[in-house]
Every structure is written in structure tokens, then in C-alpha cells.
Amino acid sequence: MSTTPENFETVSHENRSFEPPEVFAAQALIGSKAAYRELYERSIAEPEAFWAEAAQDLHWFKRWDSVLDASKAPFYKWFDGAQTNISYNCLDRHLDNGRGDRIALYWEGEPGDQRRLTFRELHAEVCRFANVLKKMGVGKGDRVAVYLPMIPELAISVLACARIGAVHSVIFGGFSADSIRDRVLDSETRMVITADGGYRRGKILELKKIVDEGVANCDCVQDVLVIKRGGHHAIDCEMVAGRDSWYADVVSGVDADCPAEPMEAEDLLFLLYTSGTTGKPKGIMHTTAGYQVFTYLTSKYVFDLKPDDIYWCTADVGWITGHSYIVYGILQNGVTQVMYEGAPDFPNQGRFWEIIERYKVTTFYTAPTAIRAFMKWGDNWLAQKDLSSLRLLGTVGEPINPEAWMWYHEKVGSERCPIVDTWWQTETGGHMLTPMPGAIATKPGCATVPFFGIEPDILTDEGESVEAGILAIKKPWPGMLRGIYGDPQRFKDTYWCKWGGQYYFPGDGARRDEDGYYWILGRVDDVVNVSGHRIGTAELESVFVEHKDVAESAVIGIPHEIKGQGLIAFVTVIDGRAHDDHLRKELVSMIDKSIGKFARPERIVFSHDLPKTRSGKIMRRLLRDIAEGRELGNTTTLADPGVVENLQVQFGS
């Protein structure tokens, strides 16, 4: 156990390490540690030359005057003076380089319906959609909210907005009417694009009805464009005269050619709002050129993309992962991908493995939450599924605990697929800490090393570099957020509030091991102080998940009159294991051995699941409210409200 001057303790004891498979490394874009190190050192020593070279792969209507303008930091400018269009780089660029007739998108709906679109066909669909937007009066700079299920039109509408310079604000298809209203009013949204409904676990979520409630009394909304998804299920939609239009009606006869609008480098590309579980949601601003280059290069190198890859990211386009690593990064690289509408456990818990087998997926990028669910459901769902097409695995969304990493490595990757454990944020636009799969030895649960151009450090509040403390990013990077919409002061107060405003503050704790690898310890505000010991909850949770019968855990601190804070552990066990005192004793014994008796939880609570947002992140705030008997705050972002009700019963609240 190690301690920084601020008494931030780390309890991880992970010594396993896995070199890149020789066969993989031999064919990788970056095939050795020396090759990574050479490129990385150049990217730090000569960042402008490095990023200018990366940008050469893409199309520019006009070349930049400067690569980086830091004169008004933290309001940095990248590729200032350039003109480009990210929709053009995702689509048009491939029509003349031999990729036009390659499949861009295999889509599968939850009921089993399928579509496939080549790059040429996707280009035509995007152009038609863009012409519809222009026909309805949408122009450059107008904000367009997109509230759709995971259907091709979600990617198409986003690319269409980018094509004409409209600013898209994607809202996850399932957020509440209140969440829609907050985002629409904050950005003064001109149009909302939605669907009659979408499928989730065999049921239809009536999206149009939620939109109607959300935009009621929002005078800024002039048009609601509705895509029919219901298929053979009739979904009644009340259409407001003069405001609402069916997409199928207005697209009829529209031209399939729409020239891409030359966009200035710092023109706003999209807004993406944080979940808003507490306080006013933040409209994270991403602009055009820097984000374009960063998502292109991170996709290329982190996923070691090859022309014949079949890539599948299981995220929703409603999250930043879907923006960067479904739509923009992957399409810029001209790679075929899979897009799936529904839940991973419908009609059974083997659905993901069936999709991998059917489309011969080579690259699979998913969340630790999903991996822990797969573990909980049992290995039988993997039996007799042909996953031999897989060559690379990835994780995204939160730190992955080592035992889930090992299950993923052994059961899904058959010990032959490198795992890229990627740390990044909505605000960073793309990968920040991640292994290069052909070059960097991986450790279970570790984000390993920085991506090119990223200079991290671990600091105290005073700015002293330490082994474990607060993660800082010391150099600007092209994919970084440019602000919070309408609130520049909040941008500075949130992300540049430490170390004299010199460095970006991501809000995460981290430690650096003897190999220089970075381990994310969780949010700085997810640190508990037990009898003077400051410990990140992520490390405590990893201890519980080392038990063979535990699928997932969450640890919170609650007030304790003697210790300062006591610990409550919420534990989800694999299907079939009893929730009994014997298991509790085994878990307490593991804490005693791995950390010490001072970290024994006051209570271990068993649950069939944990309260999570629809993106899969555990809502520890709600767990604290439940444990302390407080009235619950906003729960509209919950994937399954029944989980909270079950826990409240256990606590007698």
C-alpha cells in the first residue's frame, strides 16, 4: 500500500502482464514498444508537426494557418484558418478511393430485421437527409436535437447535420421528457428529429410521445421530423399541424446529391450534454477540425484498423463513444461496422455472441458493465458460438476490474486477442490513456500509457508530482472540448480550476506503477475516508469482484461517528449463488486480507442489479441517498427504476 503526501492510498496488487501476441504485433500498424515510444516522444516534443502530419490523410478545402493557437488558453484553437467537413471525410473521400461499394454499415434491429448500406448508399442517404433539412429551413449554426433509437437514421441524421453545418445535439433515446426539455431550452434547439418508437427488450418505447411532452411550450422548436420505426407494430403518433412532418413524406423526390459545406476549423460541430443527474446539464462543445483529426487517428491506431475489419462498438450514438467511435472515427477510416438496436439479453443472453458470429466481427468494443453482466449470466451462452473472427477487444466507459478483464480475455478472446482498455471522457473527445494493441503489454484493469500528444501527470492539489493522486493533462490536444455552451465561466471553473489553470482537470484519481502505467482510481469525489485512510472506491470494488461468484459491486461511504466514514458494499452475485451469511463472511475475509480490517464494510447488501444510467454507469449518488435514507433526486436517467425500489425495501426506506 502506498501513500501520497495527501494520504491518498492505493490497494491494488495486480502483477499479471500480457505481451501483444506475436502474430498480432507482426501485422500491427504500431508493432513494437520502440515504435510506440518513438512516435509518442515526437508527438510531445513536436506536437504541431505531429498533428499536421496526421491531418494530411484527410480532405481539406483550405489548409490551416496554424496548427495550435494557445494565445487565449484555455480556449485553444486547432487548425485555425482551415476549412473542412467531417461528413465529407466520412463519406465522399471513400467514393473515389475504391471503398465506395464496400459495406459501411450492417444494421440489425432487436426484432431481427436487417439492413446493409455501402459507403455509396450511405452517402446518398445522408445527402437526401441533408437536403430535407435545408428544404425545411435548417441552416449553418442551427441547433438540431436528435432523439432516435439505434437505427441507421441516427448516424445518417448526424452526418447530414455536419454536412450542412447544423449543430447536432443527440439525446439518448430513452431520456425523459424533462431531460429533453432541459437540453432543448439550453441550446435553443430549432428542430427535433425523432421516431415513432424504438425496440428495447421486446417492447416499444414511444419516443414521439416523449418528445411531444418534452418540447411542449418550447417556442424555439419550429419543426419535429418523425421517422417511422414501428414496422408491423402500429404506433399512434399525434402529429401537430404546422410543426410535425413524417420523414418519408418530405424525403420523397429529394435529390441524393448535397455538396458538403466548407466549415471553418473552429465552427461548432456538436453539443453533447452530460446526464444532468445533479444540477443543470452541461452542453459540452466540440468543434470541427481538431475533433475530426483526433477521432480519425485514435480510431486508426487504438483499434489497429485494417481494410477488411468488421468493427462493432456496442455503445449508443447518444453517448460520446457513439459519436467518436461509431460515427466519426470509424467512418473516416473507411471501415465496415455493425450497429445493433436493442438489448444484449433479448431474446436471450447470447444475443451479442450471435451477432459476432453472424457478421464475423473482428473488433469488439464494449463496456465493463456489459462484461460483468455476461459473467453473471454464465459461460454457457458462449458455448458453441464461433468467435474465431475476433482479433481485438476493447473496453470503454469506466475502469474495468481485473477479474472482469481476465474473463473477457479468456472466455471471449480465447487468450489470443489484445484488450485495449481505454480511458477518456465526453470532454476529451477521444482516447487519452490506452495501450497500442501491437506494442504495449497490458495489465488487467490498467489503462496503461498515454495516446500520442497526451501528456498526463499525477499531482497533489499543490501541483507536486506523486505516485497516486489527481490526474492532470498538461498539454492541449486536438479533440478537447472548447467550452460549455453559453457558460464560459463554468467551463473554466470546472475543468481549469486547479494548478493555476495551467492543466486540464479531468476529475479522476489515478496512480502510476513501476512501469510508468496509469491506473484510474475513479472520480476524485468517489474517495472514502475511513479512520484517516483515503481510498478510491474503484479499488475496494475490485476486491469484491475477485470472488468467483461476484459479478459486480459498488462501494460508498456514509457518515460514521467514530471512523468519519463507514463503508456500505452493494454486491451483485452470479445467477444461482445464494445471498447468505457465508458469502458475506468470505467477502469480509477478502477485504481483511487485501486491504486490512479497517476497510471492513459496515454492511454488505446483495442485489440482483445496481442502479445504472442507460449508458451503464453505476449511480453511486443514488446508493448514498438510499443508504442514508434521503429523498431520492432525479432518477430519469435510470435504466431500471425497479432496482432502486428493491434496495429501498432492504434499507426499510
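The values are calculated or read from the model by the stated rules, or taken from the named source; none is laboratory data. This one's a predicted model, so the numbers in the text were calculated from it and none came from an experiment. So basically every Cβ, Gly included, is an ideal-geometry build from the backbone, and we count neighbours across all protein chains shown.
Summary table below
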item: Listing of helices (runs of 4 or more DSSP H) fully contained in the stretch 531-633 that carry 1 or more residues being modelled with pLDDT of 85 or more and of a type in the set (Phe, Trp, Tyr); result: 537-545
item: Residue selected from the stretch 343-386 under the condition among the aliphatic types (A, V, I, L, M) and in contact with a Gly (Cβ under 8 Å, 6 or more places away or on another chain), by the criterion surrounded by the most Cβ atoms within 10 Å (Cβ to Cβ); result: ALA367
item: Criterion (among the hydrophobic types (A, V, I, L, M, F, W, C), buried (at least 22 other Cβ atoms within 10 Å of the Cβ) and more than 17 Å from the chain's Cα centre (by Cα)) met by exactly one of ILE473, ILE454; result: ILE454
item: Filtered residue count, the stretch 427-455, keeping only those that are β-branched (Val, Ile, Thr) and within 15 Å of ALA367 (Cα to Cα); result: 1
item: The one condition in (1) touching a helix residue (DSSP H, G or I) at 6+ places or on another chain (Cβ under 8 Å); (2) crowded, with 16+ Cβ neighbours inside 10 Å; (3) outside any helix (DSSP H, G or I) that ASP101 fails to fulfil; result: (2)
item: The stretch 516-527 residues that are at pLDDT 80 or above, paired with ones that are among the hydroxyl-bearing types (Ser, Thr, Tyr) (beta carbon under 7 Å, 6 or more apart); result: TYR517/THR448; TYR518/THR448; TRP519/SER12; LEU521/THR10
item: Tally, over the stretch 575-614, of residues that are hydroxyl-bearing (Ser, Thr, Tyr) and in contact with a helix residue (DSSP H, G or I) (Cβ under 8 Å, 6 or more places away or on another chain); result: 2
item: Pick from the stretch 36-82, criterion of a type in the set (S, T, N, Q) and touching a Phe, Trp or Tyr at 6+ places or on another chain (Cβ under 9 Å), ranking: nearest to PRO262 (Cα to Cα); result: SER66
item: Test for TYR76: is it surrounded by 12 or more Cβ atoms within 10 Å (Cβ to Cβ), in contact (Cβ under 8 Å) with a residue 40 or more places away in the chain, within 20 Å of TYR301 (Cα to Cα) and of a type in the set (Ser, Thr, Tyr); result: no
item: Among the candidates ASP525, ASP515, residue that is within 30 Å of PRO74 (Cα to Cα), part of a loop (DSSP other than H, G, I, E, B) and not β-branched (Val, Ile, Thr); result: ASP525
item: Pairs with Cβ under 8 Å, 6+ apart, first in the stretch 428-440 and touching a residue at least 12 places away in the same chain (Cβ under 8 Å), second part of a loop (DSSP other than H, G, I, E, B) and among the acidic types (Asp, Glu); result: MET436/ASP304; PRO437/ASP304; GLY438/ASP304
item: Qualifying residue in the stretch 119-132 (condition: assigned to a loop (DSSP other than H, G, I, E, B) and not small (Gly, Ala, Ser)); result: no
item: Residue among ALA145, ALA166, ALA155, ALA177 that alone is free of Cβ contacts under 8 Å to residues at least 40 places away in the same chain and buried (at least 20 other Cβ atoms within 10 Å of the Cβ); result: ALA166
item: Boolean, MET239 is more than 26 Å from ASP101 (Cβ to Cβ), free of Cβ contacts under 8 Å to residues at least 40 places away in the same chain and in contact with a Phe, Trp or Tyr (Cβ under 9 Å, 6 or more places away or on another chain); result: yes
item: Scope the stretch 152-166; condition among the aliphatic types (A, V, I, L, M) and touching a helix residue (DSSP H, G or I) at 6+ places or on another chain (Cβ under 7 Å); matching residues; result: ALA155, ILE156, VAL158, LEU159, ALA160, ALA162, ILE164, ALA166
item: Identity of the residue in the stretch 205-223, part of a helix (DSSP H, G or I) and among the charged types (D, E, K, R), that ends up nearest to ARG243 (Cα to Cα); result: ASP212
item: Selection count, the stretch 46-95, where residues are outside any loop (DSSP other than H, G, I, E, B) and of a type outside the set (Phe, Trp, Tyr); result: 24
item: Residues being free of Cβ contacts under 8 Å to residues at least 40 places away in the same chain and either out of contact with any Lys or Arg (no Cβ under 8 Å at 6 or more places or on another chain) or surrounded by fewer than 18 Cβ atoms within 10 Å (Cβ to Cβ) (or both) - total across the stretch 558-572; result: 7
item: Residue check, ILE86 under 30 Å from ASN348 (Cα atoms) and among the aliphatic types (A, V, I, L, M); result: no
item: Single residue of ARG63, ARG102, ARG42, ARG37 found to be without any contact (Cβ under 8 Å) to a residue 60 or more places away in the chain and under 27 Å from the mean Cα position of the chain (by Cα); result: ARG37
item: Every residue from the stretch 441-451 that is buried (at least 24 other Cβ atoms within 10 Å of the Cβ) and of a type in the set (A, V, I, L, M, F, W, C); result: CYS446, ALA447, PHE451
item: Filter pass, GLY290 being surrounded by 20 or more Cβ atoms within 10 Å (Cβ to Cβ), more than 30 Å from PHE374 (Cα to Cα) and over 18 Å from the mean Cα position of the chain (by Cα); result: yes
item: The stretch 180-206, subset free of Cβ contacts under 8 Å to residues at least 60 places away in the same chain and among the charged types (D, E, K, R), residue nearest to GLN349 (Cα to Cα); result: LYS203
item: In the stretch 272-287, residue modelled with the lowest pLDDT [restricted to those that are crowded, with 20+ Cβ neighbours inside 10 Å and within 28 Å of GLU110 (Cα to Cα)]; result: SER275
item: Lone unmet requirement of (1) touching a helix residue (DSSP H, G or I) at 6+ places or on another chain (Cβ under 6 Å); (2) modelled with pLDDT of 95 or more for LEU459; result: (1)
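The rows are residues; the columns are (1) buried (at least 20 other Cβ atoms within 10 Å of the Cβ); (2) in contact with a Cys (Cβ under 7 Å, 6 or more places away or on another chain); (3) assigned to a strand (DSSP E or B).
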position: GLY469; (1), (2), (3): yes, no, yes
position: TRP477; (1), (2), (3): yes, no, no
position: LYS492; (1), (2), (3): no, no, no
position: GLY500; (1), (2), (3): no, no, no
